[in-house]
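Beneath this line is the structure, given in structure tokens, with notes to follow.
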Amino acid sequence: MPASSLHEPLIDWYRKNSRVLPWRANPEPYAVWVSEMMLQQTQVATVLDYFRRWMERFPNIESLASASEEEVLSLWQGLGYYQRARSLHAGAKLAVTRGLPKSAAEWRSLPGIGPYTAGAIASIAQNLPEALVDGNVERVYARLTRDYATGLQLNRNTWQWAKSQMLADHPGDWNQALMELGATICTPARPRCEVCPVRANCMAFAHNSQSELPTKLAKKAPILVNHFMWIPCSNGRFALDKIRSGRWWEGLWSFPFADSESLLRERFPDARLGPHRQLRHVVTNHRITLQYRLAETTGDGLTFFSVSEVEAMAVPAPHRKAWEMLRQQPTLSIS
Ligand code: SF4
């Protein structure tokens, strides 16, 4: 479509005001791919250090494809949602053998890449006129057009609009301008309409209905989870289990944990136990309460690791927190 009255002011504003981010300096497909996978469910500020470390260790697709899963997960540790790291790793292996995708449809054939990520890589890194929709674009769209739809319907309407607005020239700048507007000006609470480059085109601004849009859905009730975890120790070494496929956190290493402490007692009947400690951790709508303690045992079937080995392993975030709390104690032993 030809540029509308929306495009010029928004792209102009974006070019003058966009945040300086490392993946924007040289937006080649691999760097944009990595950044987009990291940014799913994660704030930009958190991603910055992870992106820098990742690109130092895996500067190109070949170096990632030839890495072990252990190392990939270890570098991802703390970002959560580890399936993203596994998908990136598997995708790099495929891209090395098949060649780099040349369209959004080809990007979507790689694991973990949905319509948004495919549109982002194709438009930003390959200059292809592919639309994208994320939460920011959805909010900007709902306010600009005063669309009160919710959920899937709002998402469909936004995709239709985003495609209709797509430009052949500078599609990456257009897509990033929309997202940047949502991230920095047209924010969920208190949008800064007074400095918005497209307020003259905004139906919500004209009707003073910004705070009503997008229409909010009732929040899901939180799921409360209680876990008990023992940290087996013996002669200054600590035991972890590899989490089996099909379980939450599959592929990571964890200290033995269960829904009740009696299950841990059954597994380690001779363990000498340290005092109980407790922490809370929130992931999506799960509120996890983790009760943990050291357990001196040589129990059957355990694999023990040194402190430095444990530090390098990919461990679920609440287990890592518990380990770090214990590491702050003067000695890591029962007595
Ligand atoms: S005028 Fe306000 S509500 Fe409309 S797009 Fe700009 S920031 Fe968002």
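The values are calculated or read from the model by the stated rules, or taken from the named source; none is laboratory data. Since this is a predicted model, take the numbers as computed values, not measurements. Using ideal geometry, Cβ is built from the backbone for each residue, glycine included, and neighbour counts are taken over all protein chains shown. All accessible areas refer to the heavy atoms of the entire protein, side chains included, with ligands and DNA or RNA removed. Shrake-Rupley method; radii C 1.70, N 1.55, O 1.52, S 1.80 Å.
Scanning region 60-81 turns up one or more residues that are surrounded by 15 or more Cβ atoms within 10 Å (Cβ to Cβ), over 23 Å from residue 115 (Cα atoms) and hydroxyl-bearing (Ser, Thr, Tyr). If I ask for residues that are in a loop (DSSP other than H, G, I, E, B) and farther than 25 Å from residue 43 by Cβ, which ones from region 67-83 would you list? Result: 67, 68. If you check residue 143 against the conditions, is it touching a Pro at 6+ places or on another chain (Cβ under 9 Å) and either open to solvent by less than 10 Å² (accessible area, probe 1.4 Å) or not assigned by TED's automatic domain parsing to the domain that holds residue 28 (or both)? The answer is yes for residue 143.
Sub-8 Å Cβ pairs linking a first residue in region 201-220 that is of a type in the set (Gly, Ala, Ser) to a second residue that is open to solvent by less than 30 Å² (accessible area, probe 1.4 Å) and within 10 Å of the ligand (Cβ to nearest atom), at least 6 apart or interchain, are 204/142; 204/143; 204/144; 204/210; 204/213, ordered by first then second residue.
Flag: residue 172 does not match the condition of being more than 16 Å from the ligand (Cβ to nearest atom) and free of Cβ contacts under 8 Å to residues at least 24 places away in the same chain.
Only one entry of 162, 218 meets the criterion of being touching a Phe, Trp or Tyr at 6+ places or on another chain (Cβ under 9 Å) and either at negative phi or within 16 Å of the ligand (Cβ to nearest atom) (or both), and that entry is 162. Name the single residue, out of those in region 188-211 being near the ligand (Cβ under 8 Å from one of its atoms) and under 27 Å from the mean Cα position of the chain (by Cα), that is farthest from residue 140 (Cα to Cα). The selected residue is 192.
Being closer than 21 Å to residue 317 by Cα and exposed (fewer than 12 other Cβ atoms within 10 Å of the Cβ) is a description that applies to residue 282.
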